[in-house]
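Participant: Sharing a structure with you now.
The values are calculated or read from the model by the stated rules, or taken from the named source; none is laboratory data. All of these numbers come straight from a predicted model, not from anything done at the bench. Cβ coordinates were reconstructed from backbone atoms using ideal geometry, including for glycine residues, and neighbour counts include every protein chain displayed.
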Amino acid sequence: MWRLIRIGALLFILAVVAKSAWVDRSRTAEWKTSLRVAIYLVGTDSSTTSGRYVSGLRKAAFDPIEAFFALEGKRYGVSLPDPVEVYLAPAISSPPPVAPFGGNPLSIAFWSLQLRAWAWWNDSHKGPKPDVRLFVVYHDPAASPRLPHSTGLQKGLIGVVNAFADSDHEGSNNVVIAHELLHTLGATDKYDPNGNQPLYPDGYANPQARPRLPQRRAEIMAGRIPISETVAEIPADMTQVVIGGATAREINWTK
C-alpha cells in the first residue's frame with residue numbers, strides 16, 4: 001500500500017514538473033528574447049587545486065560561449081544579436097547527486113527530481129531568473145584524469161558539466177558547457193557511442209568538404225574534429241566548433 005502511495009505521489013510530482021518544463025521549453029524555443037544561462041561553479045574536493053581555480057574564475061572566462069552563439073546565430077539568420085546571455089553565480093561547495101547511468105526509468109526519474117531539488121536548495125544566483133541552469137563541477141586533473149559523464153536535461157532546462165580545474169583546459173571546458181547547454185534545448189548527440197567517432201554527415205562541421213577528411217573544425221554535438229575514419233581530436237576552444245544544420249533544426253534555428 002505505502003509503495004503504491006509513494007509511486008503515485010512521485011508520478012503526480014512528475015506530471016506537475018513535466019507541465020512546467022513544457023511551458024519553459026516552449027518559451028525558450030521561440031528565440032524571441034535572449035536565453036539567460038546561469039553558470040554555477042562547484043568545487044568537488046578539499047584539495048587546493050580545484051578550490052583555488054574556482055575562486056579565481058570570472059565571468060570573462062565564459063564570454064567565448066556567448067560569442068560562439070552570437071556568431072552561429074547570425075550565420076543561421078537568428079534575429080537576436082545575442083541569442084545567449086551567460087550569468088555567473090557565486091560558487092557552491094555541495095556536489096550534485098550522481099546520475100544512475102544504466103539505471104531503470106524510475107531511478108532516472110527519481111534522480112532527475114533529486115537534481116532539481118538539489119539545484120533549488122543550492123541556488124546561489126542573485127540576478128535575473130535564468131532560463132537554463134548549468135552546474136559546472138571542477139575536478140583536479142591530477143586526481144581525476146578522466147572526467148565523469150556530463151548531462152544536459154531538456155526536461156527542467158538543467159545540466160551538470162564535469163570540467164578540469166586547469167587554465168589549459170578552459171577552452172575545451174567551454175566546448176563541453178556549450179554542448180550540454182544545447183542538450184537542454186533539444187539537440188542530440190551526433191557521435192558513435194562506441195568509440196566517440198563523429199557520425200557522417202550530421203556530425204561533421206563541413207560534410208560537403210572534398211576530400212571529406214580531415215575536417216578543420218568539429219560539429220558541437222559531435223564534440224570532436226574528424227581527422228581520419230578512426231581518429232578524432234577534441235577541439236581546443238570555441239573557435240574550433242560550429243553548429244551543424246541538424247543541430248540548428250533541433251533547437252529551432254531553422255526549419
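Participant: Within the set of pairs 6+ apart or on separate chains, which have a first residue in region 149-164 that is within 25 Å of residue 56 (Cβ to Cβ), a second that is assigned to a strand (DSSP E or B) and among the hydroxyl-bearing types (Ser, Thr, Tyr), and C-beta atoms under 7 Å apart?
Facilitator: 159/151; 160/151; 163/138
Participant: Condition first: among the aromatic types (Phe, Trp, Tyr) and more than 30 Å from residue 79 (Cβ to Cβ). Can you find one or more residues in region 190-202 that meet it?
Facilitator: Among the residues of region 190-202, at least one is among the aromatic types (Phe, Trp, Tyr) and more than 30 Å from residue 79 (Cβ to Cβ), which makes the answer yes.
Participant: Look through region 232-247, keep the residues that are of a type in the set (A, V, I, L, M, F, W, C) and within 14 Å of residue 201 (Cβ to Cβ), and return whichever of them is surrounded by the most Cβ atoms within 10 Å (Cβ to Cβ).
Facilitator: 242
Participant: Test residue 234 against the stated conditions and say whether it is closer than 20 Å to residue 31 by Cβ and under 18 Å from the mean Cα position of the chain (by Cα).
Facilitator: no
Participant: Could you say which residue among 94, 112, 79 is modelled with pLDDT under 95, more than 21 Å from residue 39 (Cα to Cα) and in contact with a helix residue (DSSP H, G or I) (Cβ under 9 Å, 6 or more places away or on another chain)?
Facilitator: 79
Participant: Do you know which residues across region 165-175 are under 18 Å from residue 66 (Cα atoms) and either in contact (Cβ under 8 Å) with a residue 40 or more places away in the chain or not in a helix (DSSP H, G or I) (or both)?
Facilitator: Within region 165-175, 170, 171, 172, 174, 175 qualify.
Participant: Working carefully through the options 217, 212, find the one that is over 20 Å from the mean Cα position of the chain (by Cα) and outside the structural domain of residue 79 (by TED's automatic domain parsing).
Facilitator: One residue alone meets the criteria, 212.
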